[in-house]
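The values are calculated or read from the model by the stated rules, or taken from the named source; none is laboratory data. Model, not experiment: these values are computed from the prediction. Note that each Cβ is placed from the backbone with ideal geometry, even for glycine, and that neighbours are counted across all protein chains shown. These area figures cover heavy atoms from the full protein model, side chains too; ligands, DNA and RNA do not enter into them. Shrake-Rupley method; radii C 1.70, N 1.55, O 1.52, S 1.80 Å.
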Amino acid sequence: MNFKEAYQEDLGNAFFDLEEFASKHMIDGEEYTVVLTDMSGEEARALYGNSSVLNPKETAIMKTSYVIYIQDTELKRKFSVNSMINLDGRKYFVQSVAHTEGVCRLAIGGHSV
């Protein structure tokens, strides 16, 4: 077994283990094993800067709710920025998508006025 294979095995056996960090969630009607975290204020500022307003002419405020980590091997669709996602029956906007070493990181949230 090479390093990449060992790394992928460790992802499934530790990080995405249901008894450790992961949990089952419904995303767009499909069940996924994910790691779901709340995004802290510091993370939101790093991602979006100090301004929480999307556009100076708009009154909608971005409220980032969660960061979702999904194994790339478990993805059933391609996620893109500004697309809608249904997480456990609630709709959110995908605000950022990043793929790193076999893991997809989605920052999702909603808008409020």
> For ALA60, which of the numbered conditions (1) of a type outside the set (Asp, Glu); (2) at pLDDT 60 or above; (3) open to solvent by less than 30 Å² (accessible area, probe 1.4 Å); (4) out of contact with any helix residue (DSSP H, G or I) (no Cβ under 8 Å at 6 or more places or on another chain) fails to hold?
Replying inline: (2)
>> Give me the residue from segment 74-108 that is closer than 13 Å to PHE15 by Cβ and surrounded by fewer than 10 Cβ atoms within 10 Å (Cβ to Cβ) and, out of that set, modelled with the highest pLDDT.
In response: THR100
>> For segment 77-111, which positions are among the aliphatic types (A, V, I, L, M), in a strand (DSSP E or B) and touching a residue at least 12 places away in the same chain (Cβ under 8 Å)?
In response: ILE85, LEU87, VAL94, VAL97, VAL103, LEU106, ALA107, ILE108
> Which ones in segment 1-43 are more than 13 Å from VAL103 (Cα to Cα), without any contact (Cβ under 8 Å) to a residue 12 or more places away in the chain and of a type in the set (Asp, Glu)?
Replying inline: GLU5, ASP17, GLU19, GLU20, GLU31, GLU42
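Which count do you get for residues in segment 64-97 that are of a type in the set (A, V, I, L, M) and within 21 Å of ASP17 (Cα to Cα)?
So the count comes out to 5.
So that you can scan it fast, the table gives a plain yes or no per residue for (1) open to solvent by 60 Å² or more (accessible area, probe 1.4 Å); (2) modelled with pLDDT of 75 or more:
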position: GLU9; (1), (2): yes, yes
position: PHE21; (1), (2): yes, yes
position: ILE27; (1), (2): no, yes
position: GLU31; (1), (2): yes, yes
position: LEU36; (1), (2): no, yes
position: MET39; (1), (2): no, no
position: GLY49; (1), (2): no, no
position: PRO56; (1), (2): yes, no
position: THR64; (1), (2): no, no
